[in-house]
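Structure first, then comments.
The values are calculated or read from the model by the stated rules, or taken from the named source; none is laboratory data. The structure presented is a predicted model; accordingly, all values stated were derived computationally and were not measured. Backbone-built Cβ (ideal geometry, glycine too); neighbour counts: all protein chains shown. We work out accessible area using only protein heavy atoms, side chains counted, and drop any ligands, DNA or RNA first. Shrake-Rupley method; radii C 1.70, N 1.55, O 1.52, S 1.80 Å.
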Amino acid sequence: MGKHREPEQPEENGVSHYPASGEEGGVGKQGMGRGKLIAIIAAIVVVALVLLQVVLYLASDDEDEAGSAPETVASESAQDSAPKSDAFVDDSGQQEHEYEAAPGEFKGFEGMSVGIDGEYAAVDPVQVTDQGVLLPPHDVTRVGWYSASAVPGEPGNVGSSVITGHINYQGQGTGYAEKFTKLKKDQEFTVVIDGQERTFRVTEAPYRLPKGSGFPDVVNDKQGKNRLVLITCGGQFVGGALGYEDNIITVAEPVGEPEQPAEQPAGEAPAEAPAEAPAEAPAA
C-alpha cells in the first residue's frame, strides 16, 4: 500500500492566525482616514483662495469707482458751467420774486434810451446792490445801464458798457429785454444819449451762461475799446429767487462815430428819440 501523507498539524489550538488590530489591516484603515482629511483640507484651501480673489476683486472695483468719481463730477461741473450757444427762454413761468434795483447816476448827460427794430426803451442808471448783484429796473418796459461801466459808444480805451433788463415779470408780462435774445450777429441797433444816436453792431449773438458760473471778461473790461454787453435772464424757468437758471449775453461794438443831433430851428426844443416802446398788451 502506498504511503499516506501525514496530515499537517493545525495551527496552535486549531485557531487560524489573522493579523491583529494595528498590523496590516489597521494600517489600511488609517490610510483611508488620512486621505479624507487631506481632501477636506484641500477643499478648504480652494474655498479660501476663491473668497480671497472675490475680496480682492471687490476692493479693486471700489478703488476704480472712487478714483473715477471726481473725474465724473468735474466733467459734469464743467459741462454745467459751459456756455450754451442759443438764447432759449422757457415760457412756462414768469419771474415773481421782488427785488429793488440799486440806483446809479448819469454823469455828463441827462438821459439814455435803447432802440431795437424801431422800438425804444428808457434806460435808468443802476448800480450793484450791497450783495454785489446788478439788478435791472423793476418796470420791465425799462432797462438799466450799469453806471460804473463806460458810457455806450464812448471813444478810446474806456472798456465795456453794460445794459440789463428783465425778460418778464408776473403781472407785467414780457419785458423789453426779450429783444436782446432775438438779436442776430451783424444786426444793428441804437443807443440814444441826450438825443445823440449811437449805432452798434452785434459781434457775439446771444448765448446762455449758467447763473453762478461768473460773467465773461468782457463784462468787467475797463481798459479795452468800447463794447456794449446786453444781459437778461433765460434758459429753464426754475422759479423762486433765481427765476431762470441762465443769463443770456449779447455783445456789440460801436459802428463809426456817434451821430450829432440835427440842429433845430430857433425856438424849438431839440428832437429826441422816444423814451419808451409803444404800449403793448402784456403777454400771457
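Glu110 passes all but one of (1) of a type in the set (D, E, K, R); (2) in contact with a Lys or Arg (Cβ under 7 Å, 6 or more places away or on another chain); (3) open to solvent by 70 Å² or more (accessible area, probe 1.4 Å); which number fails? Of the numbered conditions (1) of a type in the set (D, E, K, R); (2) in contact with a Lys or Arg (Cβ under 7 Å, 6 or more places away or on another chain); (3) open to solvent by 70 Å² or more (accessible area, probe 1.4 Å), the odd one out for Glu110 is (2). Criterion applied to Leu58, Leu37 was being open to solvent by 90 Å² or more (accessible area, probe 1.4 Å), farther than 20 Å from Phe237 by Cα, modelled with pLDDT under 70 and of a type in the set (A, V, I, L, M, F, W, C), and the one residue passing it is Leu58. Scanning the range 231-268 for residues that are open to solvent by 80 Å² or more (accessible area, probe 1.4 Å) and at pLDDT below 90 yields Leu242, Glu257, Glu259, Gln260, Glu263, Ala266, Gly267, Glu268. The selection criterion, being among the basic types (Lys, Arg), under 30 Å from the mean Cα position of the chain (by Cα) and at pLDDT 95 or above, does not hold for Lys211. Residues in the range 111-142 that are under 29 Å from the mean Cα position of the chain (by Cα) and within 17 Å of Glu197 (Cβ to Cβ): none. In the range 133-149, the qualifying residues are those that are surrounded by 24 or more Cβ atoms within 10 Å (Cβ to Cβ) and of a type in the set (Val, Ile, Thr), and the one that is nearest to Ser161 (Cα to Cα) is Val143.
If you check Gly156, Gly214, Gly165 for being out of contact with any Asp or Glu (no Cβ under 8 Å at 6 or more places or on another chain), open to solvent by less than 20 Å² (accessible area, probe 1.4 Å) and of a type in the set (Gly, Ala, Ser), only one passes: Gly165.
The residues of the range 216-244 that are assigned to a strand (DSSP E or B) and either at positive phi or touching a helix residue (DSSP H, G or I) at 6+ places or on another chain (Cβ under 7 Å) (or both), listed by number, are Val229, Leu230, Thr232, Gly234, Gly235, Gly239, Gly243.
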